[in-house]
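Since the structure comes first, as structure tokens, the remarks are kept for the end.
Every number in this text was worked out from the coordinates using simple rules, so none of it is lab data. Everything numeric in this text was worked out from a predicted model, so none of it was measured. Quick reminder, even Gly has a Cβ in these numbers, built from the backbone with ideal geometry, and neighbours come from all protein chains shown.
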Amino acid sequence: MRKRLSLLILMILVGASAAFGQATMQPQSVKGAVIKGKAPVSKEVLKVTLPKAFETKLANGLQVIVLENHKLPTFAMQMVILSGGISDPPGKPGVAQMTGQLLREGTKTRDSRQIAEQVDSVGATLTASSGLSATESLVAASGLTDNLDQVMDLFADVILNPTFPADELNKLRNRTIAQLRMLRSSPNFLAAEMFSRVIYPNHPASRIMLNADELRALTPELLKEFHSTYYRPNNAIFAIVGDVKPTDIVTRLEKKFAAWQRRDVPSTTVPQANEVGAAKIFVVDRPGSVQTNLVLGTQTIVRTDPDYSALQVMNRIVGGGPSGRLFMNLREDKGYTYGAYSNTSAQKWRGIFQGSAQVQNAVTDGSMKEFMYEFNRIRDEAVPQEEFDNAKRAIIGSFALQLESPQSILQNILTQKLYGLPADYWDTYPQKISALTVNDVQKVARKYVDLGHLQVVAVGDAKTIVEPLRKYGTVEVYDSEGKPAEPPAAKASEK
């Protein structure tokens, strides 16, 4: 349990770091490199037909997807429960998350240690998770095909028979509370927390971690009730890829999950994100910090929006990698940071477009100036054709590489199912990217790089960075607990 909790905390920190472009190692310089527009993308990629999975539905309502791949004697499988943190009881955030985390901490026939030892004994993996704002919960396992029976038995046991032991919940709760202090010392976490709060006001997506009171409110009874209500075969998708046969998998599922009974599952309305307010700057004070974590972003689109492909290309141009404009400007030209990036997301509610960098205090002002320059440039100026073509090639090339990974193909199939995308969505994805024009990208830039509602988070020493930031908009100051604080203007003037 302790190892898994440490891994969870590490994932939060790494995830926040990746999301906000914080490089822990200096990436290789690309200054002076000439991009010749010769990415190795075959025209055949534009006409690809992806391997078709076998699909069926069991008598209890369980949807089944089997993707055969016999190159290696391995398998990877998932049980996707179509309810997550969005389905938490009112006023009880974290029920779905804790239900997922405790699935493998004890069943009717195995305790936590026995489950871990049996998984390790066959060289397999078995994980379970959900999120505070997730629309699904996930149980996943992988291993050698020779051990499929043993792994499937463990897999079914944690799904069907978890007991949610009170002592295991107490251990997880206490350790998580203890780790909150460490997280609050991390600028990456503070930036992620504040940005989520301001970009998703009064929405479940604003939460990235439970506080101590919320953790204490969770009980085994709440977890058992969530499991009993939502972990039902008619509210789930089973997917597997590897050296397996569809008929064999269906037979195994019918045997292992014979006792899993369907039941009506309460419908969950996915809340749409509230509109963000006017552009504002939120400073999270870390006294003595020599660096500023900058995050600038706005809301964008849901995953099914027709602008999705154009937004991916726009993001690639602005900061989707070391050839992006932000990196070339803030790092290569100005030398302000080890890395400056942008990213975009889209879910069942409006996602985000954001740019980010970690810079020295002395160049906070200059970095803001360059971010605003690049955001205005992508809105106001048509992208040069060569730069535009290179971005499209990079995206199509990345997609082509995914075709080498059966797990990626299966994940694409699940994405198509979960978001209700057209059946040929991935077959035609390269053509969609290829068909985009410069005007398409400028159109989405003007629409979603919404400077009138741009939310800026700066985590750093407030007495040093507040005054330089005022020239870019209204500033509010918060402490590391997320509580409003007095702007340290007087202290700055005294110096």
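Ranked by the mean number of other Cβ atoms within 10 Å of their residues, highest first, the peptides 135-145, 241-251 fall in the order 135-145, 241-251.
For residue 203, no residue 5 or more places off, or on another chain, has a built amide H under 5 Å of its own. For the peptides 254-265, 340-351, 298-309, the ranking by mean Cβ contacts within 10 Å, running from highest to lowest, is 340-351, 298-309, 254-265.
Tell me, rounded to the nearest percent, the portion of alpha carbon pairs in region 212-338 spaced more than 23 Å apart. Show your work: numbers first, answer last.
Values: 5556 of 8001 pairs.
The proportion of pairs with Cα distances above 23 Å equals 69 percent.
Helices in the chain, meaning DSSP H runs of at least 4 residues, each add -39500 (n - 2.57). Divided by all residues, the mean residue ellipticity at 222 nm is -12500 deg cm²/dmol. Taken about its Cα centre, the chain carries a charge dipole of roughly 200 debye when the Cβ of each Lys and Arg holds +1 and the Cβ of each Asp and Glu holds -1. Set the bar at 26 Å for Cα to Cα. Now go through 348/443; 463/483; 280/369; 57/92; 224/417 and name every pair that lies beyond it. Check vs 26 Å cut-off fails for 57/92; 224/417.
Given the C-alpha centroids of region 347-420 and region 137-210, what is the distance between them in whole angstrom? Going from one Cα centre to the other spans 27 Å. Take 181-187, 439-445 and order them by the average number of nearby Cβ atoms within 10 Å per residue, most first; the result is 439-445, 181-187.
As a length-normalised measure over Cα pairs under 8 Å and 6 or more apart, the relative contact order of the chain settles at 21 percent.
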